[in-house]
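One structure is given below, encoded as structure tokens.
The values are calculated or read from the model by the stated rules, or taken from the named source; none is laboratory data. Values in this document were obtained by computation on a predicted structure and should not be read as measured data. Neighbour counts run over all protein chains shown; Cβ positions are idealised from the backbone, glycine included.
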Amino acid sequence: MAVKSIGRYVRVSPRKARLVIDMIRGRYVQEALDILRDSPKAVAKTIEKLVRVGIANAENTQDVSDVDTLYIKEAYVDQGPTMKRFRPRAMGRATRIRKRTSHITVILDEKP
């Protein structure tokens, strides 16, 4: 009875997002929300929204009576498409700027 929430094309590099995801994987939902609320990382706000979406999905589609029994079963970050931009440099050259995106997936489940 797993519930999934996915954030696609999030404008943060996967490497930075994985730092935050690793802190909440396997924890109860309320504990994860507390960690995300206190995290100084900017992507923590986006991940917190994803966890809240998962909670709402569980309440509305799976008829979960007690939200406190939910925990983060899986959480992972995949790399999305990279936007390529160019910045002018000295002597007529240009360097590539890579603006990376992420696909963030959070799967919630009930602990017995």
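What to note about this one:
- Neighbours by Cβ (under 8 Å, 6+ apart or cross-chain): first from the stretch 64-87, touching a residue at least 40 places away in the same chain (Cβ under 8 Å); second acidic (D, E): V64/E110; T69/E110; L70/D109; L70/E110; Y71/D109; Y71/E110; K73/D109
- Residues in the stretch 7-29 that are under 26 Å from P112 (Cβ atoms) and either exposed (fewer than 14 other Cβ atoms within 10 Å of the Cβ) or among the hydroxyl-bearing types (S, T, Y) (or both): D22, G26, Y28.
- Scope the stretch 25-63; condition touching a strand residue (DSSP E or B) at 6+ places or on another chain (Cβ under 8 Å), assigned to a helix (DSSP H, G or I) and under 11 Å from L108 (Cβ atoms); matching residues: V29, A32, L50, V51, V53, G54, I55, N57, A58
- Yes/no for I72 being surrounded by 15 or more Cβ atoms within 10 Å (Cβ to Cβ), part of a helix (DSSP H, G or I) and either modelled with pLDDT of 95 or more or not basic (K, R) (or both): no
- Within the stretch 97-112, residues that are without any contact (Cβ under 8 Å) to a residue 40 or more places away in the chain have Cβ atoms under 9 Å from residues that are assigned to a strand (DSSP E or B) in these pairs: I97/M83; I97/K84; I97/R85; I97/F86; I97/R87; R98/M83; R98/K84; R98/R85, counting only partners at least 6 apart in sequence or on another chain.
- Odd one out for M91, checked against (1) on the phi < 0 side of the Ramachandran plot; (2) not in a loop (DSSP other than H, G, I, E, B): (1)
- Test result for A44, free of Cβ contacts under 8 Å to residues at least 40 places away in the same chain, touching a Leu at 6+ places or on another chain (Cβ under 8 Å), small (G, A, S) and crowded, with 16+ Cβ neighbours inside 10 Å: yes
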